[in-house]
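The values are calculated or read from the model by the stated rules, or taken from the named source; none is laboratory data. Because the structure is predicted, anything quoted here is derived from the model rather than measured. Glycine gets a Cβ as well: all are built from the backbone with ideal geometry, and neighbour counts include every protein chain shown. Keep in mind that these areas ignore ligands, DNA and RNA; they rest on the heavy atoms of the full protein, side chains included. Shrake-Rupley method; radii C 1.70, N 1.55, O 1.52, S 1.80 Å.
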Amino acid sequence: MVRSDMTDLEWEFIKAVLPNKIRGKQRVDDRRVVNSIFYVLRTGIPWADLPSEYGPPTTVYNRFNRCSYAGHWDRIMDAIRLKTLC
């Protein structure tokens, strides 16, 4: 785990909002993928330059795009925003 990765408490909150249906083959570790997406967004690096401990950049990029298209990121951010208002 990299110092900038999510804490267990942060992950439990985000995990509760993520979709959990598995269609097709088994997905790679959701927490690692979400950490890697946050890393790219936080640092501004190209997807291809993602450090190897986060896994294949194409996996991360594809998951980010699918989640964006399906509106999952909007729901995650809305849940985080509502949680911070309470």
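Here are the numbers for this structure:
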quantity	calculated
Debye-sum result for the chain in log10 I(q)/I(0), which assumes one identical scatterer on each alpha carbon, at q = 0.14, 0.18, 0.22, 0.23 Å⁻¹	-0.50, -0.84, -1.24, -1.34
Environment charge of Leu82, counting only residues whose C-beta is closer than 13 Å and scoring Lys/Arg +1, Asp/Glu -1	+1
Percent accessible area from carbon and sulfur atoms, the chain, protein chains only, probe 1.4 Å	56
Probe 1.4 Å - accessible area at Glu12, Å² to nearest ten	100
All lysines inside 16 Å of Lys83 as judged from Cα atoms, apart from same-chain residues fewer than 8 positions distant	Lys15
Förster-model FRET efficiency, 22 Å R0, Leu9 and Ile45, C-beta, rounded to 0.05	0.25
Environment charge of Asp5, counting only residues whose C-beta is closer than 15 Å and scoring Lys/Arg +1, Asp/Glu -1	-1
In nm, spacing of pseudo-spin labels at Thr58 and Ala79 (7 Å Cα→C-beta vector)	3.0
Accessible surface, the chain, averaged per residue in Å² (probe 1.4 Å)	72
Per-residue [θ]222 nm for the chain (sum of -39500 (n - 2.57) over DSSP H runs n ≥ 4, rounded to 500)	-19000 deg cm²/dmol
